[in-house]
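The values are calculated or read from the model by the stated rules, or taken from the named source; none is laboratory data. The shown structure was predicted, so the numbers you read here are calculated from the model rather than taken from an experiment. Cβ atoms come from the backbone with ideal geometry, glycine included; neighbour counts cover every protein chain shown.
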Amino acid sequence: MPKLNFDVAIVGGSFAGLAVARGLAQAFGPDIRLAIIDRAVPATEHADDSRGFAIWAGAQKVLESLGAWDGIRDAAETVTAIEISDSRLDDAFRPALVTYDARTDDGSPAAYIVPASVLATALYRSVAGDPAVTWFAPAEIESAQWGETASELTLRDGTVVSAALTIAADGRQSKLREAVGIKTIGWPYAQTGIVARVKFSEPHGGVAIQHFLPGGPFAILPLPRNRACITWSADKDEAARMIALDDDSFLAELDRRIGGRFGTISLDGPRQSWPLDLRLPRRLIAPRFALVGDAAHGVHPVAGQGVNLALRDAAAMIEILVDAGRIGLDFGSGTHLERYQRWRRFDSAMSATLYDGINRAFAIDSMVLRAGRGAALGVLDRIPSLKELIIAEAAGVTGDLPKLARGVAV
């Protein structure tokens with residue numbers, strides 16, 4: 001049974017996992033040994049993924065610092081404005097209650113919309129062929145053991161991957177997190193997430209729109225070439241009905257929600273759906289172990305911040321490991337892992353609570369509450385300084401940020 005030794009083993013070739021690998025390889029070069037273990041064969045194209053992600057300014061700086069943004073820039077759509085409305089599906093008029101200028105204080109874009117396939121490809125290419133990185137894919141972990149000096153991950157083919165630190169980036173249903181014994185708190189939502197990529201006949205102008213409907217939030221995220229990613233959270237029964245519709249009927253349902261604003265629409269990719277839940281681990285670390293990405297926080301997609309949180313996790317992990325490694329500390333033990341947990345735990349918990357609260361507050365179908373929400377949003381729309389603060393917070397350019405999220409090399 002072969003046993004291979006590494007400094008860091010990353011389980012999950014996700015956005016967060018690939019970002020961590022890229023950052024560590026970039027900082028240490030051939031002086032670090034990295035393993036990436038993933039269930040799927042690494043691919044440079046993901047044509048069947050219709051998702052689009054709002055990449056806010058802080059996350060964009062992480063990607064730029066890692067050298068991945070060059071492979072994303074031409075496929076990203078700059079968000080020019082963000083509109084928010086709160087109405088019933090059949091309301092004849094759905095005014096924008098709040099409109100944000102999607103720019104940060106320095107005038108740079110606050111957000112971009114990036115196809116999921118483009119993001120995945122750019123991050124994969126940033127580590128592909130790097131001599132510091134060894135891929136094990138497709139590979140399944142049969143068992144895991146943690147010792148005083150290393151963890152040992154036994155793969156299904158009998159290979160043993162030994163590492164000073166194991167990082168789980170294997171998603172919100174992380175099996176490795178469960179194997180370590182980290183408990184989670186959370187609950188399922190009575191909603192299903194639906195995404196579809198569409199093309200409009202009229203220009204969208206880079207405007208991102210969030211309609212809060214009684215069944216859940218419905219978002220239009222602009223993409224290049226007059227396309228958009230439609231993403232919304234619908235009641236489970238209603239979502240099942242819509243997913244089962246033929247293309248023409250499905251497009252008619254989309255048009256009811258879009259209201260014909262951008263002309264006629266056509267499908268530009270497959271429809272996809274998944275159950276929604278909230279899941280937070282009680283801790284982010286264990287001896288020689290840490291969580292990043294969705295394994296560290298499964299949040300409601302209402303604010304489109306999941307990938308941004310994941311990239312902040314990656315930037316923080318890179319920074320603490322680079323700081324530790326440069327003074328000769330063991331990657332898998334010491335106060336630096338506690339520092340990572342303190343750094344990222346509050347952001348994850350506060351974000352999950354906020355997005356859960358927004359989803360619940362706007363899902364209540366009450367004329368009185370809708371009037372109250374409308375009044376509150378109307379007041380917000382007339383206070384530019386408050387809107388600027390909200391955009392700055394959403395953009396991830398405030399607070400105790402990792403260096404990479406500030407565009408500073410580690």
**Request:** Mind counting the residues in segment 112-169 that are assigned to a loop (DSSP other than H, G, I, E, B) and on the phi < 0 side of the Ramachandran plot?
**Result:** 16
**Tabulated pairs, segment 183-203, first more than 23 Å from Ser117 (Cβ to Cβ), second of a type in the set (Ser, Thr, Tyr) and surrounded by 15 or more Cβ atoms within 10 Å (Cβ to Cβ), C-beta under 8 angstrom, 6+ apart or interchain** = Tyr189/Ser233; Gln191/Ser233
**Message:** Can you pull out every residue in segment 82-122 that is within 16 Å of Ile391 (Cα to Cα) and among the polar types (S, T, N, Q)?
**Reply:** Thr99, Thr104, Ser108
**Asked** Can you find a residue in segment 341-348 that is in a helix (DSSP H, G or I), within 25 Å of Trp146 (Cβ to Cβ), among the hydrophobic types (A, V, I, L, M, F, W, C) and out of contact with any strand residue (DSSP E or B) (no Cβ under 7 Å at 6 or more places or on another chain)?
**Response** yes
**Message:** Would you confirm whether or not segment 240-257 contains a residue that is under 21 Å from Ser87 (Cβ atoms) and touching a residue at least 60 places away in the same chain (Cβ under 8 Å)?
**Reply:** yes
**Asked** Only one residue in Arg282, Arg288 is farther than 20 Å from Thr231 by Cα, surrounded by fewer than 22 Cβ atoms within 10 Å (Cβ to Cβ) and touching a residue at least 12 places away in the same chain (Cβ under 8 Å), so which one is that?
**Response** Arg282
**Item:** Enumeration of residues in segment 224-252 that are part of a helix (DSSP H, G or I) and either surrounded by fewer than 15 Cβ atoms within 10 Å (Cβ to Cβ) or among the aromatic types (Phe, Trp, Tyr) (or both)
**Value:** Asp237, Ala240, Arg241, Ala244, Asp247, Asp248, Ser249, Phe250, Ala252
**Request:** Could you figure out which of (1) at pLDDT 90 or above; (2) touching an Asp or Glu at 6+ places or on another chain (Cβ under 9 Å) isn't true of Phe53?
**Result:** (2)
**Message:** Here is a check on your reading of the model: is Ala394 touching a helix residue (DSSP H, G or I) at 6+ places or on another chain (Cβ under 8 Å), in a helix (DSSP H, G or I) and not aromatic (Phe, Trp, Tyr)?
**Reply:** yes
